[in-house]
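The values are calculated or read from the model by the stated rules, or taken from the named source; none is laboratory data. It should be emphasised that the depicted structure is a prediction, and the values quoted were computed from it without experimental measurement. Neighbour counts are summed over all protein chains in view; Cβ atoms, including those assigned to glycine, are modelled from backbone coordinates with ideal geometry. In case anyone asks, the SASA skips ligands and DNA or RNA and just uses the protein heavy atoms, side chains included. Shrake-Rupley method; radii C 1.70, N 1.55, O 1.52, S 1.80 Å.
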Amino acid sequence: MASDKQARRAAQERLVEAMARHTSYLNRVATAGANRANRIIDKLAGQLVSELAERLDSLTPAELKAFSQGRYTTSRLKGLRNTINRWAEDLAKELDTEVLGSLDELAGNEAEFAKNLLEAVVTNPVGTGVTAATAAAAARRQPILGELVEDMVADIPDRARRQVFSRIRQGIAQGETTSQITRALRGTKALRYRDGLIQTSRVAAERVVRTATNHVANAAYEETYQALGVQVLVWTATLDGRTSKICASRDGQRYPIGGNHPRPPAHPNCRSVLVPSLDDNIMGERPYVRAFEPISKVPKDQRTKDMVGTVSANTNYGKWFSRQSAGFQREWLGPARYKLYKQGGYKIDQFVDPTGKQYTLGQLRQKDTETFKEIFG
């Protein structure tokens, strides 16, 4: 009996370590996906403003007034309207192909990872996992914060189209020149076009890709774990200063697999993950970063010896947080909540509403191969 318990403990330790490494690599895959989406937006934005400049310069004062009032009474006005609509359609088509296609591929990859992970730590797992198509379908079927993946992606060009129409009308009404209007839309080269209206689409694309990546991965994991006989999942947040209060409050919570329960992502850009439990507790070690930004962005001369380390995997965010410095706690909670935390005996889960370098997939697979080889031999 003792030997069997020790074996389960050792298996759980290896599982947690492999999952922690994979999650960090997955965040870089999300960065790469966001960058690809933004390159599409940049390319089409350049094409749009070039055509807009030509069409706006050809309009008479009467036509400009009509456009600002939403009236497309001449062929030139209809051409301008169609240019914007066509741009939004092209943006939707390319984002759909790139983002949704990549997410479907990711679902298959994550399902395979989850299967390999369990097979590496469990002697006789039940079942054979799920196919890539099944994992992708589960991810598309399950909502993200109430929205479906397709709807989140489709909202980017839909919103961008409305914003472009609105900004042109505003510019005309304010007597701006064509160059002023197009510059307001795209931004300036000196600031890498991050000061234009279309920057909001880049921000939205990054948020959607990062959030959807987390969602797809967790949906694939749960689908696979359930097929392989896992009974319990444990919410696992990231131990650092960027973790949201809702994820911190859920860290370590256990849920029966397949039932109705909170699932990551808990919010846009969420990094939490559901980890299978093979025993009563999550065992092994989990990493932490005592900082409010990625360690790669912290200057080396500002890194303390204990800024990065590990703690018992059974340590939830609340326990870890209680051991941090007063300065760290105050910055994460804010002055008012910190006072309640220290003087009022509040726990961090009382501050939230309960409702409420880049890698390609190929590189991710290579990292997983290296991890498996190192941990499992």
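Restricting 202, 183, 242, 194 to those that are assigned to a helix (DSSP H, G or I), surrounded by fewer than 21 Cβ atoms within 10 Å (Cβ to Cβ) and of a type in the set (D, E, K, R) reduces the list to 183. Residues that are under 30 Å from residue 169 (Cβ atoms) and either part of a helix (DSSP H, G or I) or in contact with a strand residue (DSSP E or B) (Cβ under 9 Å, 6 or more places away or on another chain) (or both) are absent from the stretch 112-121 altogether.
Please go through the stretch 67-111 and give me each residue that is hydrophobic (A, V, I, L, M, F, W, C) and either within 30 Å of residue 173 (Cβ to Cβ) or in contact with a Leu (Cβ under 8 Å, 6 or more places away or on another chain) (or both), ordered by number.
Residues of the stretch 67-111 that are hydrophobic (A, V, I, L, M, F, W, C), as a first pass: 67, 77, 80, 84, 87-88, 91-92, 95, 99-100, 103, 106-107, 111.
Once the filter is applied, which keeps residues that are hydrophobic (A, V, I, L, M, F, W, C) and either within 30 Å of residue 173 (Cβ to Cβ) or in contact with a Leu (Cβ under 8 Å, 6 or more places away or on another chain) (or both), the stretch 67-111 yields 67, 77, 80, 84, 87, 88, 91, 92, 106.
Looking at the stretch 313-352, which of its residues are open to solvent by 40 Å² or more (accessible area, probe 1.4 Å), more than 17 Å from residue 236 (Cα to Cα), among the polar types (S, T, N, Q) and not in a helix (DSSP H, G or I)? If the condition is that a residue be open to solvent by 40 Å² or more (accessible area, probe 1.4 Å), more than 17 Å from residue 236 (Cα to Cα), among the polar types (S, T, N, Q) and not in a helix (DSSP H, G or I), then 325 is the only one that fits. On the stretch given as the stretch 44-98, residues that are among the polar types (S, T, N, Q) and under 16 Å from residue 164 (Cβ atoms) total 6. When residue 133 is tested against (1) under 25 Å from residue 268 (Cβ atoms); (2) of a type in the set (Gly, Ala, Ser); (3) surrounded by fewer than 15 Cβ atoms within 10 Å (Cβ to Cβ), just one condition goes unmet, and that condition is (1).
Scanning the stretch 205-239 for residues that are more than 23 Å from residue 96 (Cα to Cα) and assigned to a helix (DSSP H, G or I) yields a total of 7. Here 177, 213 are screened, and the one residue that is surrounded by fewer than 20 Cβ atoms within 10 Å (Cβ to Cβ) and modelled with pLDDT of 95 or more is 177.
Among the residues here, residue 67 qualifies as assigned to a helix (DSSP H, G or I) and over 37 Å from the mean Cα position of the chain (by Cα).
Among the numbered conditions (1) crowded, with 19+ Cβ neighbours inside 10 Å; (2) in contact with a Phe, Trp or Tyr (Cβ under 9 Å, 6 or more places away or on another chain), the only one that residue 116 does not meet is (1).
When residues of the stretch 152-180 are filtered for being over 22 Å from residue 86 (Cβ atoms) and either assigned to a helix (DSSP H, G or I) or of a type in the set (Asp, Glu) (or both), how many remain?
Adding up the residues that qualify gives 5.
Could you list all residues from the stretch 60-109 that are farther than 20 Å from residue 46 by Cα and open to solvent by less than 20 Å² (accessible area, probe 1.4 Å)? Residues satisfying the conditions are 63, 66, 67, 77, 99, 100, 103, 106, 107, 108, 109.
Table: residues versus (1) more than 30 Å from residue 88 (Cβ to Cβ); (2) more than 23 Å from the chain's Cα centre (by Cα).
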position	(1), (2)
113	yes, no
137	no, no
142	no, no
145	no, no
148	no, no
152	no, no
165	no, yes
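How many residues does the stretch 247-278 contain that are within 17 Å of the chain's Cα centre (by Cα), surrounded by fewer than 22 Cβ atoms within 10 Å (Cβ to Cβ) and over 14 Å from residue 217 (Cα atoms)? Looking only at that region, the number is 3. Is it the case that residue 286 is part of a helix (DSSP H, G or I), of a type in the set (Lys, Arg) and either open to solvent by less than 70 Å² (accessible area, probe 1.4 Å) or at pLDDT 75 or above (or both)? It is false that residue 286 is part of a helix (DSSP H, G or I), of a type in the set (Lys, Arg) and either open to solvent by less than 70 Å² (accessible area, probe 1.4 Å) or at pLDDT 75 or above (or both).
Considering (1) in contact with a Ser or Thr (Cβ under 9 Å, 6 or more places away or on another chain); (2) part of a helix (DSSP H, G or I); (3) over 30 Å from residue 365 (Cβ atoms); (4) of a type outside the set (S, T, N, Q), the lone condition that residue 59 does not fulfil carries the number (2). Among the residues of the stretch 252-275, those that are more than 21 Å from residue 209 (Cα to Cα) and in contact with an Asp or Glu (Cβ under 9 Å, 6 or more places away or on another chain) comprise 257, 258.
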